[in-house]
């Protein structure tokens, strides 16, 4: 999924704060996903329930927790969660322009991992939704969370958003 936000009339301080928070969030998120998946891997009860849930999924048939962990490891090195701004060099980033184009890319692996974690942390009792629907809910939840935080830097009324499913 790729989300593009075009922010108009944003100051340099808010630009820097927004980019800094995105960098921090990216690192923390990938670390938490790895840590959570390793806990699941070590718990036989939860991992067997997850394997059954993954088998029912259209997008994850044949996937094992070990495969998911290795994909996540490779994915974190291959940038499963990246963002870019205005396609400019960093030294030009804080010039007199008062707009910012923020493009955020998140691989499906990111949302698969988040959906697995949320499903397993609920103990499979609360969420009886199909896995593909859980993934979509994770995408929607992330966009809502990001826009809530983005509102701290820039009013959403002065922002144009484009979501591209890949």
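Values as computed for the structure displayed
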read-out: Residues of region 5-35 with amide N under 16 Å of a point placed 7 Å along Cα→Cβ from residue 84; value: 5-6
read-out: Contour excess over end-to-end distance, with Cα ends at residue 49 and residue 137 and 0.36 nm allotted per residue; value: 29.7 nm
read-out: Cα→Cβ-extended label distance, 7 Å offset, between residue 151 and residue 64, nm; value: 4.5
read-out: Two-site label geometry, residue 164 and residue 12: point separation in nm, points 7 Å out along Cα→Cβ; value: 3.0
read-out: Neighbour-count ranking [beta-carbon atoms within 10 angstrom, fewest first] of 64, 29; value: 64, 29
read-out: Two-site label geometry, residue 56 and residue 28: point separation in nm, points 7 Å out along Cα→Cβ; value: 3.2
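Here, each number is a calculation from the coordinates, and none is a lab measurement. Keep in mind that what you see is a predicted model, and the values were worked out from it rather than measured. FYI the Cβ positions are ideal-geometry reconstructions off the backbone, even for glycines, and counts take in every protein chain you see.
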